[in-house]
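Written below as structure tokens is the structure these notes are about.
The values are calculated or read from the model by the stated rules, or taken from the named source; none is laboratory data. As the structure is a prediction and not an experimental result, all values here were calculated from the model. Don't worry about glycine lacking a Cβ; one is built from the backbone with ideal geometry, like all the others, and counts go over all protein chains shown.
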Amino acid sequence: MTAPSTTDPRQTLAGLRLIWAGMLIGQIMFLGVIAFVSVGPGDPELLQLLQYIGLGFMVVALFAGHVLRNQVYKRHWQGHAVSPQGYATGNILLFALWEGVSLLALVTALLAGAFWPYIIPSAVAGVMFLINWPDGKPMQAREPDLRP
């Protein structure tokens, strides 16, 4: 196993923020496509199945994404901080899960020809993107709190 990269945290943070913005813009643009493309209603049974899959994927991604990111952080822990490589990798995994949730919901809405209720998982994923702006704090060394 090779040692984690020791690249500049500022460089890692800038790159990760670009990826974050790009993925969010992709969701917004796809949402715009759905808003302006008119489609006829699809097969109701298929739409219902896709909606259930999307909701299940959303629930799993909300929890599993954070667990995966934290496991990556743990693997790349150096001293009292996460290495830039681990920070970027963990967050890209988390963002990719939410991107998948959002795109599945948007495709379902596109097939249904309606926003509501198919758009719910995409909206939740979008909010999670906004809440999890890459701030770089895990890459900053912190002394552990040893108070009793």
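Six or more apart or on different chains, Cβ under 9 Å: which pairs go from a residue in the range 49-72 that's more than 30 Å from Lys137 (Cα to Cα) to one that's not in a helix (DSSP H, G or I) and not charged (D, E, K, R)? Could you list them?
As it stands, the answer is Leu50/Gly42; Leu50/Tyr118; Gln51/Pro117; Gln51/Tyr118; Gly54/Tyr118, since those pairs meet every condition given.
Select from the range 61-101 the residues that are under 22 Å from Gly26 (Cβ atoms) and either among the aliphatic types (A, V, I, L, M) or part of a loop (DSSP other than H, G, I, E, B) (or both) and list them in ascending order.
Selection gives Ala61, Leu62, Ala64, Leu68, Ala88, Ile92, Leu93, Leu94, Ala96, Leu97, Val101.
Could you please give the count of residues in the range 54-76 that are surrounded by 14 or more Cβ atoms within 10 Å (Cβ to Cβ) and over 13 Å from the mean Cα position of the chain (by Cα)?
Summing the residues that are surrounded by 14 or more Cβ atoms within 10 Å (Cβ to Cβ) and over 13 Å from the mean Cα position of the chain (by Cα) in the range 54-76 gives 7.
In the set Asn91, Asn132, Asn70, which member is touching a Lys or Arg at 6+ places or on another chain (Cβ under 8 Å) and not hydrophobic (A, V, I, L, M, F, W, C)?
Answer to the selection: Asn91.
Go through the range 102-140 and report how many residues are part of a loop (DSSP other than H, G, I, E, B) and farther than 17 Å from Val59 by Cα.
Qualifying residue count, the range 102-140: 9.
Only one of these conditions is not met by Ala123: (1) crowded, with 17+ Cβ neighbours inside 10 Å; (2) within 23 Å of Gln48 (Cβ to Cβ). Which number is it?
(1)
Can you give me the number of residues within the range 89-129 that are touching a residue at least 60 places away in the same chain (Cβ under 8 Å), more than 20 Å from Val67 (Cβ to Cβ) and within 14 Å of the chain's Cα centre (by Cα)?
3
Among the residues of the range 16-42, what is the count of those that are modelled with pLDDT of 70 or more and surrounded by 15 or more Cβ atoms within 10 Å (Cβ to Cβ)?
The number of residues fulfilling the criteria is 9.
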